[in-house]
Ligand SMILES: Cc1cc2nc3c(=O)[nH]c(=O)nc-3n(C[C@H](O)[C@H](O)[C@H](O)COP(=O)(O)OP(=O)(O)OC[C@H]3O[C@@H](n4cnc5c(N)ncnc54)[C@H](O)[C@@H]3O)c2cc1C
């Protein structure tokens, strides 16, 4: 389920329950609300219930109750009933700032970077787990196919670094929807295009998006 107000994105989807339980009634429901903040707002949000300043995020039980109450009040103003049904039963919401990054090389000597350590796309992609899994498979295949470990790692870097990079570049395109740091005309045009939810659906639900970067 997508809800796309201006400079916000709400995405909800079912996920497995504990012990990978897929039975109806035992699954969990991911509810994500992306909102635009800035460094000062984040700093203030990172002061916990005991007044302690954290750097990037706060352990969920320590998130200040006034922040959670404010979030709930703003949701009641803005969200449609179907989303409020879900939000109201979340006992322990938490927040996390969004960053992205690309490692220019994912092999350094005998160290190979996989998953989020290799590249970390903005979460519009919903691609982190698949990429981490495919990184692992590619590393296993390279080690299987080469007796020389350095050659295997070079092959892993050759195949997977560009894929991680493309995923991050695509996630930045999707991220222009939020209207933050629109530096180029291309960014601004993309931002305008993605204000139409049909364009957002077109761009987000593209299984073979990597082909556009070949
Ligand atoms: C809120 C949220 C929602 C997400 N939703 C989705 C989604 O819907 N779909 C999707 O595909 N992806 C999603 N992701 C992204 C996804 O979780 C990651 O891309 C994925 O988990 C990356 O796997 P990884 O193995 O690289 O890293 P991780 O899963 O982070 O694993 C790293 C592990 O290393 C451990 N570790 C760290 N430091 C040390 C140390 N010094 N010694 C030993 N162990 C250590 C950590 O405890 C952790 O278990 C989401 C992420 C977040 C935060």
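When every alpha-carbon pair in region 175-214 is counted, what percent end up more than 16 Å apart? Summing the P(r) tail past 16 Å for region 175-214 gives 41 percent.
In plain terms, if you count all Cα to Cα distances in the chain and split them into 10 Å steps from zero, the share in each step is 7, 25, 32, 25, 9, 1, 0 percent.
When you count the other C-beta atoms within 10 angstrom of each residue and take the mean per peptide, 158-171, 104-117, 122-135, 51-64 line up highest first as 158-171, 122-135, 104-117, 51-64.
The C-alpha atoms of the chain define a longest principal axis, and helix 65-78 lies at about 80 degrees to it. Calculated over region 101-213, the projected area of the Cα convex hull averaged across directions stands at 7.3 nm². Remark: spin-label model distance residue 94-residue 16 equals 2.0 nm, labels positioned 7 Å along the Cα→Cβ axis. Pairwise Cα distances in region 2-88 exceed 15 Å for 68 percent of all pairs.
For the chain, the longest principal axis of the C-alpha atoms and the axis of helix 149-175 are separated by about 30°.
Values quoted throughout were computed directly from the atomic coordinates according to the rules given, and no laboratory measurement underlies them. Bear in mind the structure is a predicted one, so any value in this text is a computation, not a measurement. No Cβ is skipped: glycine too gets one built from the backbone with ideal geometry, and neighbour counts run over all protein chains shown.
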